[in-house]
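Quick notes on the structure that follows.
The values are calculated or read from the model by the stated rules, or taken from the named source; none is laboratory data. Note that this is a predicted model, so its numbers are computed, not measured. Every residue, glycine as well, gets a Cβ built from its backbone with ideal geometry; the counts of neighbours run over all protein chains shown. Note: accessible area is taken over every heavy atom of the protein model, side chains too, but ligands, DNA and RNA are not part of it. Shrake-Rupley method; radii C 1.70, N 1.55, O 1.52, S 1.80 Å.
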Amino acid sequence: MRAALAALLLLAGCAADRAGPAPAAATADVLLARLPESIGAFRRGVTAPVSDPAPGSEVPYATPNRAIAGYVQVLRRDAPLDPEELQRFVAAVATGSSRRMTERAQPTIAGMRCAELDGTYGRQAVESLACTGDFGGQMVRLRLTMARRGDRMTEARGFAEGVAAALRGG
């Protein structure tokens, strides 16, 4: 019996070693520093402070001629990411004075919960990608908007994957 228990403990220890250490917490500043100057065709803009829904920073990104434009927000938080955060974020980006958008899909992209949206911005037909995720203990929100032409959503998804890889230090 003792030999079997010892063998189980040894196996559990080996499994824990293979899993690797738990991801370390990262400050918002560390995550911001990981965001590259470019991801695919997207170029980074000037970082600005934000305070809604939590204090943090926003980094704009856009493709040439702003065919696809948006931002990545790194927000400080003291509690685990609320599963409803994506829905609050989608509600905030889907409506506005000249925006009307509806959700068409909820893919998971590189560990982030995302929503793909269709609608209009004024009279222009647009689509948008909105994502939320937890990176190093910080909340990250990503939003891209583009005129509905061709398959720009594929490029937007690739950008989201690039952001996630950069924030993970990969």
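Below are the figures for this structure:
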{"quantity": "List GLU37, GLU58, GLU127, ordered by accessible area with a 1.4 Å probe, largest first", "calculated": "GLU37, GLU58, GLU127"}
{"quantity": "Net charge over other residues, Cβ less than 15 angstrom from the Cβ of GLY56 (K, R count +1; D, E count -1)", "calculated": "-1"}
{"quantity": "Rounded to whole Hz, the Karplus (6.51, -1.76, 1.60) HN-Hα couplings of the stretch 72-86, x for glycine and proline", "calculated": "10, 10, 10, 10, 6, 8, 10, 10, x, 4, 6, x, 8, 4, 4"}
